[in-house]
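The values are calculated or read from the model by the stated rules, or taken from the named source; none is laboratory data. No experiment lies behind these values; they were computed from the predicted model shown. Heads up, the Cβs are rebuilt from the backbone with ideal geometry, glycines too, and the neighbour counts pull from every protein chain shown.
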Amino acid sequence: MTPEEFRISATEAKAEPPAGASPALLALWHDANGNWEKAHEVAQSDATCDGSWVHAYLHRKEGDNGNAAYWYARARRPVAQGPIESEWSAMVQELGIHGGGH
């Protein structure tokens with residue numbers, strides 16, 4: 001599944017997350033579905049580096065850059081600087097290929 005197909009799956013009528021999605025991908029799916037709170041809840045409960053990365057992205061998206069920087073550090077990743085949409089797509093691509101936490 002491509003990042004765009006993944007995003008589209010979140011906008012279909014009676015959308016359900018893809019079966020077998022990791023918690024990090026599930027959080028990104030809920031974000032694309034317009035449910036930031038659920039995305040945050042899932043990311044916050046994922047103690048892996050991937051979960052921390054998604055948690056960072058979500059705080060960056062809401063404009064809380066200080067909190068985002070903390071979570072990027074927990075994820076062992078540099079603070080993202082580009083467009084938020086590009087980061088989402090890159091995350092889905094990487095997490096879809098590699099899965100699990102670092």
Cross-chain or 6+ apart pairs with Cβ under 9 Å, region 1-14 first and within 11 Å of Ala32 (Cβ to Cβ), then part of a helix (DSSP H, G or I) and among the acidic types (Asp, Glu): Ala10/Asp31
Scan of region 66-83 for residues that are part of a helix (DSSP H, G or I) and surrounded by 12 or more Cβ atoms within 10 Å (Cβ to Cβ), ordered by number: Asn67, Ala68, Ala69, Tyr70, Trp71, Tyr72, Ala73, Arg74
Residue within region 42-49 that is within 14 Å of Ser22 (Cβ to Cβ), in contact with a helix residue (DSSP H, G or I) (Cβ under 7 Å, 6 or more places away or on another chain) and among the charged types (D, E, K, R) present: yes
Test: residue in region 26-40 that is over 18 Å from Ala90 (Cα atoms), at pLDDT below 95 and touching a Ser or Thr at 6+ places or on another chain (Cβ under 9 Å): yes
Answer from Ala27, Ala39, Ala15, Ala43 - the residue that is part of a loop (DSSP other than H, G, I, E, B) and of a type in the set (A, V, I, L, M, F, W, C): Ala15
Selection within region 30-79 - closer than 22 Å to Ile8 by Cβ, in contact with an Asp or Glu (Cβ under 8 Å, 6 or more places away or on another chain) and of a type in the set (A, V, I, L, M, F, W, C): Trp36, Ala39, Val54, Leu58
Hits in region 1-32 - residues which are polar (S, T, N, Q) and surrounded by 18 or more Cβ atoms within 10 Å (Cβ to Cβ): Ser22
